[in-house]
Amino acid sequence: MAGGGDSTRAIFFALGANFAIAVAKGVAAFFTGSSAMLAETVHSLADCGNQLLLLLGMRQAKAPPSPDYPLGYGKAIYFWSFLVAVMLFTVGGMFSLYEGIHKLQHPEPLQHWYWAAGVLVFGIIAEGVSMRACLHEVNKARGERTLWQWFRESRQAELVVIFGEDLAALLGLVFALIAVLLAVYTGNPLWDAIGTIAIGALLIVVAVFVAIEVKAMLIGQSVDPARQKQMRDFLESRPEVQRVISLITLQLGNEVMVSVQAQLHERRDVETLVDQINVIERAMKQSFPEVRWSFFEPDCKPRP
């Protein structure tokens, strides 16, 4: 995977947790009439669909290159990740805002609130397990970087999306539980509506941040800065290379294209020059397995 974390494992954990939570929330929403719970039910069902879309995107991204797509289908995962962000914004966030505003205008008392509280506690535990699995993969990828630095620099779109979804789901469950408890404690159902609106605002904020990051990958980003520095250091340490003039990288899903312009020590013997380039490219692909395509341009200007 691009960046080191196992996205598939994180996705399956999230899918299992969200499906179990969606079923539990749906039952509780039916018996309690809680709009916050109904919003969370829709959110969890949407998350299940989102994770299936991510799995589909990861499968499509593995398709081999074709005449129409000579660099492969790796960026397909970016399209599906962006679509998931849009769904998180519309299905989750906008629906929650609508439901919350409706409840503000037409408040309804909660019924059987203990159903809601019990399911939300179960959901927090299940989503916490999913979040822990996701963070385990994120920590593999981020190294010494903070979570925010990893989020901004990661090129692993599917893991960025799962992290955003899990974070929004866990915080949304906490908001919903607080809203239900406040509504019961105060006897004022408006707290339930306020909790629903808070959930909607949270989902919209997370969706926007995720969409911004995935949009950059769709346009065409280089590999993350730390990996690019490793590649430059590798090239500069090669005995054949005198100076790296330029290094251009392009992240294509889980694969990378690299273009290098460098001065080599050998400049006159064409056969030796070609051999050195081949040696460097083979060594680079061994050191950086994600490199699928490499283009090496030697600077053949004569020495002064």
Accessible solvent surface per residue of region 104-199, calculated while the other protein chains remain in place, 1.4 angstrom probe, Å²: 47
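How do the peptides 161-172, 54-65, 118-129, 8-19 rank, highest first, by the average count of neighbouring beta carbon atoms within 10 Å per residue? Write down the numbers at each step before the final one.
Numbers: 161-172: 25.9, 54-65: 16.8, 118-129: 19.4, 8-19: 21.0.
Top of the packing list down: 161-172, 8-19, 118-129, 54-65.
Pairs to check: 140/215; 75/285; 215/285; 62/285; 140/229. Give those whose C-alpha atoms are more than 22 Å from each other in this structure.
Working: 140/215 24 Å; 75/285 20 Å; 215/285 28 Å; 62/285 18 Å; 140/229 18 Å.
Listed pairs above 22 Å: 140/215; 215/285.
Using a 1.4 angstrom probe on heavy atoms only, work out the carbon and sulfur share of the accessible area of the chain in %.
Details: 9440 of 14550 Å².
C and S fraction of accessible area: 65 percent.
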Measuring from label point to label point, each 7 Å out along Cα→Cβ, what is the residue 297 to residue 245 span in nm? 0.7
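Pop the C-beta distance of residue 71 and residue 23 into the FRET formula with R0 = 30 Å and round what comes out to the nearest 0.05.
Numbers: r = 42 Å, r/R0 = 1.39.
Once the sixth-power term is evaluated, E becomes 0.10.
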Quick one: length gained pulling residue 149 to residue 186 fully straight, 0.36 nm per residue minus the C-alpha distance? 9.2 nm
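Within 10 Å of each candidate Cβ there may be at most 10 other Cβ atoms; applying that plus a DSSP loop requirement, which trypsin sites (Lys or Arg not before Pro) in region 211-304 survive?
Details: sites: 215, 227, 229, 232, 243, 267, 268, 282, 285, 292; in loops: 267, 268.
Loop-located and lightly packed - 268.
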Hey, can you list the DSSP H helices of the chain whose Cα span along the axis is 27 Å or longer and whose average Kyte-Doolittle score is at least 0.0? 7-32, 35-61, 113-142, 157-186, 190-219
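Multiplying the sequence separation of residue 52 and residue 233 by 0.36 nm and subtracting their Cα-Cα distance, what value in nm do you get? Please report the intermediate quantities before stating the final value.
Details: separation 181, 0.36 × 181 = 65.16 nm, distance 3.88 nm.
In short, 61.3 nm is gained.
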Report relative contact order for the chain in percent, whole number only (criteria: Cα-Cα under 8 Å, sequence separation at least 6). 22
By how many nm would the segment from residue 30 to residue 287 lengthen if fully extended, with 0.36 nm per residue of separation less the alpha-carbon distance? 86.9 nm
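At 222 nm, what helix-only mean residue ellipticity would the chain give, in deg cm²/dmol to the nearest 500, using -39500 (n - 2.57) for each DSSP H run of four or more? Present the calculation step by step, with values, prior to reporting the outcome.
Values: 10 runs with 204 residues, N = 304.
It lands at -23000 deg cm²/dmol.
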One finds the C-alpha centres of region 188-263 and region 123-173 to be spaced, in Å, by 15
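The values are calculated or read from the model by the stated rules, or taken from the named source; none is laboratory data. What you are looking at is a predicted structure, and each value in this text was computed from that prediction instead of being measured. With ideal geometry, Cβ positions are generated from the backbone for all residues, glycine too; neighbour counts draw on all protein chains shown. These area figures cover heavy atoms from the full protein model, side chains too; ligands, DNA and RNA do not enter into them. Shrake-Rupley method; radii C 1.70, N 1.55, O 1.52, S 1.80 Å.
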